[in-house]
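**Q** Pasting a structure below so you can have a look.
The values are calculated or read from the model by the stated rules, or taken from the named source; none is laboratory data. Keep in mind it's a predicted model, so treat the numbers as computed, not measured. Every residue, glycine among them, receives a Cβ derived from its backbone with ideal geometry; neighbour counts consider all protein chains shown. We work out accessible area using only protein heavy atoms, side chains counted, and drop any ligands, DNA or RNA first. Shrake-Rupley method; radii C 1.70, N 1.55, O 1.52, S 1.80 Å.
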Amino acid sequence: MSRVARAALFLFLLTNGLAAQSAEDYFHKGANAWLDGKLGDALRITVLGLQQHKGDPKLSALLKKLQEEAEKQQQQNEQQQNQQEQQEQDQEQQQDQQQNQQQQDQQQEQDQQQNQQQEEQQQQAGEQDQQQGQQPEPQQQQVAPDPEKISKEEAERILNALQKDEQNLQKARKRKGKAPRRSSRDW
């Protein structure tokens, strides 16, 4: 057999896994893969070793540790995912609150502008009324009598009514006061 044929046969046997490996070999390969941070490869190698060497205590113990580590990593991943989701929800909630605050601020600003415009309009209307009151139209002066002036007859009627009210009030007081009073002093 030539050298090339022997080398090819050796490579063929090595790559097809026909070269027998001991439980110790699987243990070391699995442990090294775990130490290199390749947990998936470490699990695969250890399971393969246990299939060929059933019940090996070292491989069983390594598999148990690898499964615990995989579970631990899965829990950490889930926890990180939950934290990330919570952060995203918090950010969304904060953005919603900011948008609501902006909308409220805009609404307040619009309300203030409307109030200011209304006040300005009322002030302008008041100034216009005041100007109209200072310079009344000649037609209005003739039509509307001055409310502060009262006719002589109406003034007399109001005075008579007040005098009657005053007299009635005094009569009512006299009736109440007719009951004999007893003084506390004995003279």
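**Q** For the range 80-133, count the residues as N, evaluate 2.2 N^0.38 Å, and divide the Cα radius of gyration by that value, please.
**A** The range 80-133 yields a ratio of 2.30.
**Q** Using a simple spin-label model with points 7 Å from Cα along the Cα→Cβ vector, what separation in nm is obtained for residue 97 and residue 110?
**A** Placing both labels 7 Å along Cα→Cβ, they lie 2.4 nm apart.
**Q** Taking the full set of protein chains and a 1.4 angstrom probe, give the accessible area of residue 22 in square angstrom, rounded to the nearest 10.
**A** Rounded to the nearest 10, that gives 50 Å².
**Q** Got a sec to turn the phi values of the range 23-38 into Karplus ³J(HN,Hα) couplings, 6.51 cos²θ - 1.76 cosθ + 1.60 with θ = phi - 60°, whole Hz, x for Gly and Pro?
**A** Those phi angles translate into 4, 5, 5, 4, 4, 5, 5, x, 5, 5, 5, 5, 5, 7, x, 9 Hz.
**Q** Can you work out the accessible area per residue across the range 79-130, with the rest of the protein chains kept in place, probe 1.4 Å, in square angstrom?
**A** 100 Å²
**Q** Select from 89, 26, 121 the residue farthest towards the positive end of the dipole of the range 23-139; place +1 on Cβ of Lys and Arg, -1 on Cβ of Asp and Glu, and compute about the Cα centre.
**A** 26
**Q** Where does each of 53, 28 land when they are ordered by accessible area, with a 1.4 Å probe and the largest first?
**A** 28, 53
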